[in-house]
Amino acid sequence: MPIVQPPSTGQRGNLAPPALLPTLTRACAPLTQEVAVLNEFGLSSTVSIPAERDLTVYVDKRELVTLMTLGAHPEWLVLGYLLNQRLIGSVSDIESITVDWDVGAASVKTRHGIDRIEERTSKRVVTTGCGQGSVFGNLMDEVDLIHLPPEAVLRQSQLYGILNAIRLKESTYKSAGSVHACALFRGDALQLFVEDVGRHNAVDTIAGWMALQQRPAAERVDHVFYTTGRLTSEMVIKSAQMGVAVVVSRSGITQMGLDVAQRVGLCAVGRATNKRFLCYAHAQRLLLDAVPPTAPAVAAMEHGAA
């Protein structure tokens with residue numbers, strides 16, 4: 001199983017110091033498998049369904065958690081999970097991540113250990129994630145320490161470009177269904193598209209990938225996060241922890257998700273399909289440059305016409 005040193009660029013395109021980046025395996029697993037099915041007419045056929053496999057994460061030989069995942073980018077997933085759980089402060093805290101699907105394990109070696117790991121992982125909160133995920137500690141811990149760039153905005157025309165890019169994207173969902181998708185955009189330009197059996201795994205994978213790029217905050221101002229899942233508190237927190245100030249969802253938002261978005265200054269856009277959307281929080285970050293004409297039927301109703 002090969003071990004690779006992931007490339008990274010600095011602010012001016014220079015390579016970041018290799019010693020700051022972990023070595024990673026590339027243990028991608030098959031994303032789908034063929035199964036026999038019987039339809040309503042009594043006819044047999046084969047279809048694709050998403051894979052789902054367990055990955056037990058060990059940190060410095062200590063078992064931490066078992067993640068259920070599609071297995072597309074397990075090393076990025078593990079790295080993003082550790083970052084979003086606030087168990088590590090930066091990618092440079094990790095020396096290596098080795099994934100072995102033969103035993104369903106990810107072995108993480110840190111450079112200096114994780115301070116107070118027993119205490120910090122003793123409390124678990126069951127989340128609204130698919131399959132009942134969990135996070136360590138209090139969901140609201142350190143939220144007030146998050147500072148999103150005030151200049152981050154998204155144009156309405158770019159939002160429509162994002163939605164169209166997602167619509168055209170070839171995906172596991174189109175061929176097999178039963179997965180969530182998350183994507184990272186710069187404006188309306190797609191940077192990374194990730195699918196997994198749970199939306200939290202997908203956002204953690206993107207967080208791991210972003211950390212490996214080591215780009216400064218100034219280069220993340222125009223980043224937009226997209227998800228097919230609902231915007232719950234933990235999804236909003238994870239997005240904000242990545243420094244992303246605009247989040248777009250095909251689904252809606254929960255009350256606690258809205259509270260967190262308003263608190264950290266995050267623009268939350270939901271129910272976003274085709275040319276329709278609802279902006280729930282910090283609408284000043286959304287520049288309305290492509291407002292559609294009022295539908296004639298709606299205009300007539302507004303004026304009291306039959």
Spin-label proximity, Ala165 to the range 248-263 - amide N less than 20 Å from point 7 Å beyond Cα toward beta carbon: 248-251
Val221 versus Ser44: modelled label distance in nm, points set 7 Å from Cα along the beta carbon direction: 6.2 nm
Antiparallel DSSP beta bridges within the range 213-294, percent to nearest 5: 35 percent
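Any chance you could run the full-extension gain for Asp60 through Gln255? It's 0.36 nm times the residue separation minus the Cα-Cα distance, nm to one decimal.
Working: separation 195, 0.36 × 195 = 70.20 nm, distance 3.79 nm.
Between Asp60 and Gln255, full extension yields an extra 66.4 nm.
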Estimated inter-spin distance, Glu52 and Val37, nm [label 7 Å along Cα→Cβ]: 1.5 nm
Relative contact order of the range 191-301, pairs being alpha-carbon contacts under 8 Å that are 6 or more residues apart, as %: 18 percent
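Of the trypsin sites (Lys or Arg not before Pro) in the range 168-204, which ones lie in a loop per DSSP and count no more than 15 other C-beta atoms within 10 Å?
Lys169
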In Å², nearest 10: area of Asp100 left accessible to a 1.4 Å probe: 50 Å²
Local net charge near Thr205, Cβ-Cβ under 10 Å (Lys/Arg +1, Asp/Glu -1): -4
Zone of Arg86's modelled label, taken as backbone nitrogen in the range 104-121 under 20 Å from a point 7 Å along Cα→Cβ: 113-121
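Just flag the GluC sites (Glu not before Pro) in the range 50-119 sitting in loop per DSSP whose Cβ has no more than 16 other Cβ atoms within 10 Å.
Counting only loop positions with at most 16 other Cβ atoms within 10 Å, the GluC sites (Glu not before Pro) in the range 50-119 are Glu52.
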Separation between Cα centres of the range 211-264 and the range 93-117, rounded to whole Å: 26 Å
Average accessible area per residue (Å²) across the range 131-244 - probe 1.4 Å, nucleic acids and ligands excluded: 37 Å²
Contact order relative to length of the range 209-271, as percent, for alpha carbon pairs under 8 angstrom and 6 or more apart: 34 percent
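Kindly flag which residue pairs out of Lys61/Lys174; Lys61/Lys238; Lys169/Lys238; Lys61/Lys169 have an alpha-carbon separation exceeding 28 Å in this structure.
Numbers: Lys61/Lys174 39 Å; Lys61/Lys238 26 Å; Lys169/Lys238 24 Å; Lys61/Lys169 39 Å.
Lys61/Lys174; Lys61/Lys169, as the Cα separations exceed 28 Å there.
The values are calculated or read from the model by the stated rules, or taken from the named source; none is laboratory data. Model, not experiment: these values are computed from the prediction. All Cβ positions, glycine included, derive from the backbone under ideal geometry; neighbour counts span all protein chains shown. Just the protein is used for accessible areas: all its heavy atoms, side chains included, with ligands, DNA and RNA removed. Shrake-Rupley method; radii C 1.70, N 1.55, O 1.52, S 1.80 Å.
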